[in-house]
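The values are calculated or read from the model by the stated rules, or taken from the named source; none is laboratory data. It should be emphasised that the depicted structure is a prediction, and the values quoted were computed from it without experimental measurement. Glycine gets a Cβ as well: all are built from the backbone with ideal geometry, and neighbour counts include every protein chain shown.
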Protein chains: 2
Amino acid sequence: MKTVTIIDVAKRAGVSKSTVSQYLNGRYEYMGADTRERIKQAVEELGYRPNTIARSLKKKKTKTIGVILANILYSFSTKVIRAIEDVCNREGYQVIICNADDNPSKEKWYIEMLLAKQVDGIIAIPTKSNIDLYRKLKERNYPLVFVDRYIDGLDISTMMLHNEKAAKMCVDELTDNGYERIAMLTMEPISITPRFERIQGYKKALEDKGLKATEDYIASAPLKEMQTRLKELMALKQPPQAIIAINDLSFMQLLTFVKENQLEVPGDLAVIGIDDISFADLFDPPLTTIAQPAFDIGREAAAALIQKINNRYVMDADIRRFEPRLIRRASSTKS
Amino acid sequence: MKTVTIIDVAKRAGVSKSTVSQYLNGRYEYMGADTRERIKQAVEELGYRPNTIARSLKKKKTKTIGVILANILYSFSTKVIRAIEDVCNREGYQVIICNADDNPSKEKWYIEMLLAKQVDGIIAIPTKSNIDLYRKLKERNYPLVFVDRYIDGLDISTMMLHNEKAAKMCVDELTDNGYERIAMLTMEPISITPRFERIQGYKKALEDKGLKATEDYIASAPLKEMQTRLKELMALKQPPQAIIAINDLSFMQLLTFVKENQLEVPGDLAVIGIDDISFADLFDPPLTTIAQPAFDIGREAAAALIQKINNRYVMDADIRRFEPRLIRRASSTKS
DNA sequence: TTGTATGCGTTATCAC
DNA sequence: GTGATAACGCATACAA
């Protein structure tokens with residue numbers, strides 16, 4: 001697999017390699033029509049393919065970006081990635097994906113690798129632990145965009161759901177339907193932005209309605225222990241009449257609990273989940289959800305990153321909030 | 001963001017860049033302990049990061065692979081990608097993902113880009129249309145592994161489900177439960193490997209059981225028209241008693257149909273689906289599925305590719321079949 | 001219009 | 001043990 005270079009093409013076409021380079025970069029003004037044709041021929045005959053690596057070394061642009069996320073298996077991440085890849089493809093960029101698994105040292109390793117690979121920019125769903133590294137990049141003016149999670153004091157543009165509003169939508173939908181004892185189910189840790197903000201929004205919304213937000217009703221647990229946690233929650237003297245699942249994974253757990261305990265929804269318990277799970281319509285009864293515009297978020301993140309790469313002006317410290325959307329189905333209606 | 005190079009490190013440490021290079025590549029035998037220490041210092045103080053691009057240009061290895069698939073939103077692809085990324089990460093490779101959307105020209109464009117980027121190898125869920133390009137790569141001995149789909153006459157190692165067996169499992173499960181009129185629901189086109197083979201397996205399995213496989217019972221349609229197609233199927237003089245969904249997307253359609261027409265499962269209609277959908281346990285009744293080991297497939301694909309890259313012996317023309325697994329739930333039991 | 005020379009940041013081959 | 005120096009494949013300023 002001997003590689004054919006620009007020199008081979010030049011020889012074949014009987015010109016110098018600069019001329020070929022001109023041709024390859026579309027600067028046709030600088031050559032005769034016949035030369036151009038000869039080069040075209042030579043390129044085809046030799047099956048020549050420019051070596052992007054060499055070009056990158058020279059131009060200091062790789063036309064590649066890196067995306068660091070927790071886990072591509074999460075449907076939000078998958079959608080974000082898909083949207084990012086779409087706009088990148090359109091702009092001639094390619095994307096390297098990195099599953100950091102919410103592991104700071106893995107995240108750090110990926111950042112280092114991406115930088116060593118000279119990627120033109122990075123989109124990340126960051127953990128809080130590499131804040132120093134991110135800060136250094138920011139100081140160097142390195143193109144960087146965050147998604148889903150905000151890191152305080154870093155001033156990096158971030159694309160995220162309007163989490164408080166999403167939680168408020170849940171609460172309002174339930175109170176409108178007459179529910180008063182409303183609990184929230186969340187995964188741990190609760191410190192990451194979306195969970196934190198949704199819990200805040202939940203509390204505020206309850207207060208707005210003149211309801212008290214007791215800590216008892218905020219049920220947090222790691223995924224594996226969620227069934228136990230739910231059992232405790234429902235064993236309170238005053239068990240909730242409705243539960244808000246903070247994201248799709250929690251929602252799955254909640255539904256499993258409902259099913260195993262043969263609770264009637266919404267009769268025994270109303271439920272509503274943030275994130276639009278694929279089978280919301282298929283469940284019995286259909287599930288009310290708050291959808292977040294994952295594709296929009298991904299698209300805008302990619303667009304912003306590319307703008308930064310191109311050195312166009314992008315307001316940094318710019319947290320863009322995306323609107324949640326209530327999809328009303330039967331699981332939250334009046335019982 | 002002025003880049004600090006190996007030369008800066010050399011100056012700082014008071015040695016030549018060759019020595020630094022030695023150091024960076026771990027050939028410590030060729031230097032004194034003090035030099036080594038000085039270089040280490042210099043690297044840290046300058047925050048030096050080797051430029052992988054330059055290294056790649058010299059070594060003709062990028063430690064990067066490309067993965068071309070139809071759509072990362074499909075759960076099979078997502079799992080495969082995740083597994084690939086895992087083993088690549090462990091081996092120091094990074095992965096560029098490409099959503100070709102089953103569009104041959106997009107696929108071709110991605111292949112060209114990946115080659116231009118000098119990726120060390122490619123894993124693809126190929127369309128049939130770029131067979132010539134793939135053949136050329138194969139002839140050049142370029143590291144290439146296929147997943148999910150087999151291309152006849154190309155002799156490229158392929159990792160895929162034992163599709164016929166999967167279909168047979170469905171049929172057997174249903175006949176064991178007394179069903180005789182068994183239909184199959186599939187997306188179009190039916191020419192791609194998994195669909196084709198599953199349909200074959202379905203036919204054979206029926207014959208094995210002494211049942212006739214009528215064309216009437218093989219319902220194929222694009223996703224959007226599947227509801228109509230199902231209506232037709234169920235309107236036959238002899239409608240099926242059971243339907244096998246050929247993959248998760250078809251299965252979703254089938255379940256939607258069931259729900260909208262308030263059919264009782266498995267009383268009115270037994271159902272079973274290939275691919276393990278996430279809510280199989282949550283549906284009412286729980287859904288019998290045939291799971292395919294997507295992670296294993298991805299892992300083995302990546303392992304095989306890396307072996308090829310390292311020039312270790314890999315049997316090509318080696319189609320590795322992975323075992324489907326029946327997860328028996330209520331939707332296929334005796335009515 | 002086309003050609004020459006130089007550099008991008010590394011690695012590798014040899015001298016010293 | 002260490003240091004020049006020549007590649008790697010391409011882009012570009014400048015000369016012709």
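Mind checking which residues of the stretch A:243-263 are of a type in the set (A, V, I, L, M), without any contact (Cβ under 8 Å) to a residue 24 or more places away in the chain and facing another protein chain (nearest Cβ under 10 Å)?
A:Val258
May I ask you to list the residues in the stretch A:116-129 that are within 20 Å of the chain's Cα centre (by Cα) and either at pLDDT 95 or above or among the small types (Gly, Ala, Ser) (or both)?
Once the filter is applied, which keeps residues that are within 20 Å of the chain's Cα centre (by Cα) and either at pLDDT 95 or above or among the small types (Gly, Ala, Ser) (or both), the stretch A:116-129 yields A:Val119, A:Asp120, A:Gly121, A:Ile122, A:Ile123, A:Ala124, A:Ile125, A:Pro126, A:Ser129.
Quick check on my filter: what residues within the stretch B:128-167 are farther than 13 Å from B:Ala301 by Cβ, in contact (Cβ under 8 Å) with a residue 12 or more places away in the chain and within 14 Å of chain A (Cβ to nearest Cβ)?
Across the stretch B:128-167, the qualifying residues are B:Leu133, B:Arg135, B:Leu137, B:Lys138, B:Tyr142.
Scan the stretch A:16-56 for residues that are aliphatic (A, V, I, L, M) and away from chain B (no Cβ under 14 Å) and jot them down.
Scanning the stretch A:16-56 gives A:Val20, A:Met31, A:Ala33, A:Ile39, A:Ala42.
Can you name the condition, by its number, that B:Glu225 falls short on among (1) touching a residue at least 24 places away in the same chain (Cβ under 8 Å); (2) in a helix (DSSP H, G or I); (3) over 30 Å from B:Gly92 (Cβ atoms)?
Every condition holds for B:Glu225 apart from (1).
For A:Ile125, indicate whether it is surrounded by 20 or more Cβ atoms within 10 Å (Cβ to Cβ) and either in contact (Cβ under 8 Å) with a residue 24 or more places away in the chain or touching a His at 6+ places or on another chain (Cβ under 8 Å) (or both).
Here the answer is yes, as A:Ile125 does meet what is asked.
Checking the conditions here, which among A:Pro286, A:Pro266 is within 13 Å of chain B (Cβ to nearest Cβ) and out of contact with any strand residue (DSSP E or B) (no Cβ under 7 Å at 6 or more places or on another chain)?
On inspection, the qualifying residue turns out to be A:Pro286.
Give the number of residues within the stretch A:30-64 that are over 16 Å from B:Leu57 (Cβ atoms), more than 8 Å from DNA strand C (Cβ to nearest atom) and crowded, with 17+ Cβ neighbours inside 10 Å.
Here the count works out to 5.
If A:Ile81 satisfies every condition in (1) surrounded by fewer than 23 Cβ atoms within 10 Å (Cβ to Cβ); (2) facing chain B (nearest Cβ under 7 Å); (3) of a type in the set (A, V, I, L, M, F, W, C) but one, which is the exception?
(1)
Which of (1) of a type in the set (A, V, I, L, M); (2) buried (at least 18 other Cβ atoms within 10 Å of the Cβ); (3) in contact with a strand residue (DSSP E or B) (Cβ under 7 Å, 6 or more places away or on another chain) is the odd one out, the single condition A:Ile190 does not satisfy?
Going through (1) of a type in the set (A, V, I, L, M); (2) buried (at least 18 other Cβ atoms within 10 Å of the Cβ); (3) in contact with a strand residue (DSSP E or B) (Cβ under 7 Å, 6 or more places away or on another chain) one by one, A:Ile190 breaks only (2).
I'd like to know if the stretch A:4-13 contains one or more residues that are away from every other protein chain (no Cβ under 14 Å) and either near DNA strand C (Cβ under 8 Å from one of its atoms) or at positive phi (or both).
yes
Of the conditions (1) at pLDDT 95 or above; (2) over 25 Å from the mean Cα position of the chain (by Cα); (3) part of a loop (DSSP other than H, G, I, E, B), A:Asp284 fails just one. Which one is it?
(1)
Looking at the stretch B:60-79, can you tell me whether even one residue there is free of Cβ contacts under 8 Å to residues at least 60 places away in the same chain and near DNA strand D (Cβ under 9 Å from one of its atoms)?
yes
Looking for something assigned to a helix (DSSP H, G or I), under 19 Å from the mean Cα position of the chain (by Cα) and among the acidic types (Asp, Glu) - is there at least one such residue anywhere in the stretch B:291-299?
For the stretch B:291-299, residues assigned to a helix (DSSP H, G or I), under 19 Å from the mean Cα position of the chain (by Cα) and among the acidic types (Asp, Glu): present.
Could you list all residues from the stretch B:232-242 that are in contact (Cβ under 8 Å) with a residue 12 or more places away in the chain and charged (D, E, K, R)?
Of everything in the stretch B:232-242, just one residue is in contact (Cβ under 8 Å) with a residue 12 or more places away in the chain and charged (D, E, K, R), namely B:Glu232.
One line per residue, one yes/no per condition, for (1) under 29 Å from B:Lys138 (Cα atoms); (2) under 39 Å from the mean Cα position of the chain (by Cα); (3) free of Cβ contacts under 8 Å to residues at least 12 places away in the same chain:
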| position | (1), (2), (3) |
| --- | --- |
| A:Ile6 | yes, no, no |
| A:Gly14 | no, no, no |
| A:Ser18 | no, no, yes |
| A:Ala33 | no, no, yes |
| A:Asn51 | yes, yes, no |
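Looking at the structure I just gave you, is B:Asn71 out of contact with any helix residue (DSSP H, G or I) (no Cβ under 8 Å at 6 or more places or on another chain), at the interface with another protein chain (Cβ under 8 Å from one of its Cβ atoms) and in a loop (DSSP other than H, G, I, E, B)?
no
Test A:Ser21 against the criterion of being among the polar types (S, T, N, Q) and more than 12 Å from DNA strand C (Cβ to nearest atom), and give yes or no.
Spelling it out, it is not the case that A:Ser21 is among the polar types (S, T, N, Q) and more than 12 Å from DNA strand C (Cβ to nearest atom).
Only one residue in A:Ile39, A:Ile65 is within 26 Å of A:Asn310 (Cα to Cα) and of a type in the set (Val, Ile, Thr), so which one is that?
Checking each option against the conditions leaves just A:Ile65.
Which one of these is within 18 Å of the chain's Cα centre (by Cα), in contact (Cβ under 8 Å) with a residue 12 or more places away in the chain, surrounded by 21 or more Cβ atoms within 10 Å (Cβ to Cβ) and not in a helix (DSSP H, G or I): B:Ile272, B:Ile306, B:Ile277?
After ruling out the rest, the residue left standing is B:Ile277.
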